[in-house]
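Right, one structure below, let's go through it.
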Amino acid sequence: MDLEYLQQNEWQKFFSESLPTTPWITVYKSRRVGDDDITIFSGLVPVESIPKSLESESWDISIGQSGPGFVTYYNHGEERTEYQRNLNDFLIEPIVIFREFHGMKNDYIEIQEEFRLFHNLYADPKRNILVKIHDDGNEEDAVIIEPKKVEIKTKFVRQYIAARQMGLAIYFDSFRYSKIEFSEAEYSRFSSKKHEKDISYFVHIGPWHSILEDENKSISRLLGKRIIFPPPIEKSGRWPYEEKKEKFEEFIIGTDEDGEHIYYTSDPGKLANYFGANPNAPHYLTPVFFKKDVLSKYYSNPEKFSIEDGYLRCRGLWGVRMDNDHPDVVMVFLGDIGRDLFHSEQLYLKSHNIPPEGKMSATCFKRSFLAKFADPNSEDLTFKSKFSQFSKKWSKKFGWPLFQPLTTKDTHLFTSLRVPITNDHSEFDFQILAIAKIIIDSLNEKELGKAIEASAKDLPGIEKFGQFLKEKSMPNHNGYIDFLKDLYALRSSGVGHRKGKRFEKVAARFDIEKRPLKEVFVGILKRAEEMLNSLEKHFL
């Protein structure tokens, strides 16, 4: 930007026209690049103070100086001292707070607490941003904090000033220096002020004189403020003014005589039920089927989602019943989709929707229609249930766990443990890694070592467990130890290293080349569960 660029009112145009329509608002910026020096700051202004503020292009607050404290004034000759949240003439609240500790501790920037609490923003220290977690579980960046720049997403600013019914003042002070003698330039000295209903600024172009050694001879400056007025309070996005946009997707519920798909809305209010509502519509409990890989999204993000026996959960935000005990498909009742899932999640499910194939699982039928307790049949669900029950019983009897709890960074290995959805080797390898960590790497070697003969205490983990079973007269313990050794070898040769002859040798013991990988892993889970059942029978 040169002097002519500024003279052509490009900066004025930017601050007077484009600012409110940008997706992000810069609420703080301090940049000096070459001959360009710009500073931006911001603050919340009481609406009644805006006209007086716009009478001057000068800033109403200074960076890092406005904050709580005491003011002293005289009322009819009487001195009074009062506490004030923000020490400035117009009670303006800075939205960016500068915490300075004068070299004793590191300085840092934070965002006004009330803004953070209003939007319930999560601070992500790794990315140095504030995140909005929506009710559907989706996350959205709301504030980006950099050492010399802070940006806030426009919609969050507008919702906040709507709720507070305060304006947002954007203060700007921009310098542009030039090494050209002003007397030699083609420009004449220029100064101008502008005060309108939402903007006030001062523009100056002229010679530059500095007491410091400086090559610059000319300067242009733009100083002022821009006010963003608050939208109506109804735009605040919070109860009782939150937007209520209920959307319901249509799903395949069958096929007609021509083989065409039959769709129907998932809106619970338009479905039949056992109380006589909408008698000509499909029933609330109409089964809707999905490809099994619909679960991949949820398995791959165990920090947010958990897939349980008959239930999908997004932490404490939402959950929906489902039939995940079927070997090939996933089923959810039509009414549950509309009642329990946000529209964004409905759209995701719809992309995996298929026509009805077969029936729901016997487990789901017994639970949903016969009101009977039913154990799952899917091997991953039965193993995880057995493992949890066994671990509790063992710890209760012996006072120590046979399998040490997974660390926080490894808990996802248990929650995402599953029969592979596909026959892809990468998914199979991950599940082998998971089951090996759960039942081999987690063996409590310390306590096992205390419970066996002293001469065997230095044996490696699986051998130590074998010695423990031998001394406790566990039937068929050699078979289970061989299984654990083979599983460990499969993990080591197939997951931890390049697959070679060693992998081919151990893979042959699991029939990996002869059977689908899904079947192989089901067999591994069955063998692991069989081992737990035998341990429970012998010890517990």
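The values are calculated or read from the model by the stated rules, or taken from the named source; none is laboratory data. All of these numbers come straight from a predicted model, not from anything done at the bench. In this analysis, Cβ positions are derived from the backbone assuming ideal geometry, glycine residues included, and neighbour counts consider all displayed protein chains.
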Scan region 139-181 residue by residue and report those that are part of a helix (DSSP H, G or I) and either of a type in the set (D, E, K, R) or surrounded by fewer than 16 Cβ atoms within 10 Å (Cβ to Cβ) (or both).
Lys155, Arg158, Arg164
Residue by residue through region 118-149, note down the ones that are of a type in the set (A, V, I, L, M) and closer than 24 Å to Ile40 by Cα.
Leu121, Ala123, Ile129, Leu130, Val131, Ala142, Val143, Ile144, Ile145
When restricted to Ser351, Ser388, the only residue hydroxyl-bearing (Ser, Thr, Tyr) and within 30 Å of His283 (Cα to Cα) is Ser351
Given (1) over 22 Å from Val419 (Cα atoms); (2) in contact (Cβ under 8 Å) with a residue 12 or more places away in the chain; (3) in the same structural domain as Lys464 (by TED's automatic domain parsing), where does Lys392 come up short, assuming only one miss?
(2)
Consider only pairs whose beta carbons are under 6 Å apart and that are at least six residues apart or on different chains; among these, list those whose first residue lies in region 204-222 and is assigned by TED's automatic domain parsing to the domain that holds Asp35 and closer than 15 Å to Asp35 by Cβ and whose second residue is modelled with pLDDT of 75 or more and among the basic types (Lys, Arg).
Ser220/Arg176
When Arg99 is run through (1) surrounded by 14 or more Cβ atoms within 10 Å (Cβ to Cβ); (2) under 13 Å from Ile63 (Cα atoms), the failure sits at (1)
Hey, Leu285 assigned to a loop (DSSP other than H, G, I, E, B), at pLDDT 95 or above and in contact with a Gly (Cβ under 8 Å, 6 or more places away or on another chain) or not
yes
Exception for Thr81 within (1) in contact with a Phe, Trp or Tyr (Cβ under 7 Å, 6 or more places away or on another chain); (2) part of a loop (DSSP other than H, G, I, E, B); (3) surrounded by fewer than 17 Cβ atoms within 10 Å (Cβ to Cβ); (4) not small (Gly, Ala, Ser) falls at (2)
Among the listed residues Leu490, Leu535, which satisfies the condition of being assigned to a helix (DSSP H, G or I), over 21 Å from Ser378 (Cβ atoms), at pLDDT 95 or above and assigned by TED's automatic domain parsing to the domain that holds Val419?
Leu535
Determine if region 502-524 includes at least one residue that is modelled with pLDDT of 90 or more and among the acidic types (Asp, Glu).
yes
Kindly evaluate Glu114 against the criterion of being at pLDDT 95 or above, among the charged types (D, E, K, R) and either under 30 Å from the mean Cα position of the chain (by Cα) or outside the structural domain of Arg31 (by TED's automatic domain parsing) (or both).
yes
List every residue pair whose Cβ atoms sit under 8 Å apart, with the two residues 6 or more apart in sequence or on different chains, where the first one lies in region 357-372 and is hydroxyl-bearing (Ser, Thr, Tyr) and the second, anywhere, is part of a loop (DSSP other than H, G, I, E, B) and surrounded by 15 or more Cβ atoms within 10 Å (Cβ to Cβ).
Ser361/Asp325; Ser361/His326; Thr363/Gly310; Thr363/Asp325; Thr363/Ala374; Thr363/Pro376; Ser368/Leu285; Ser368/Met360
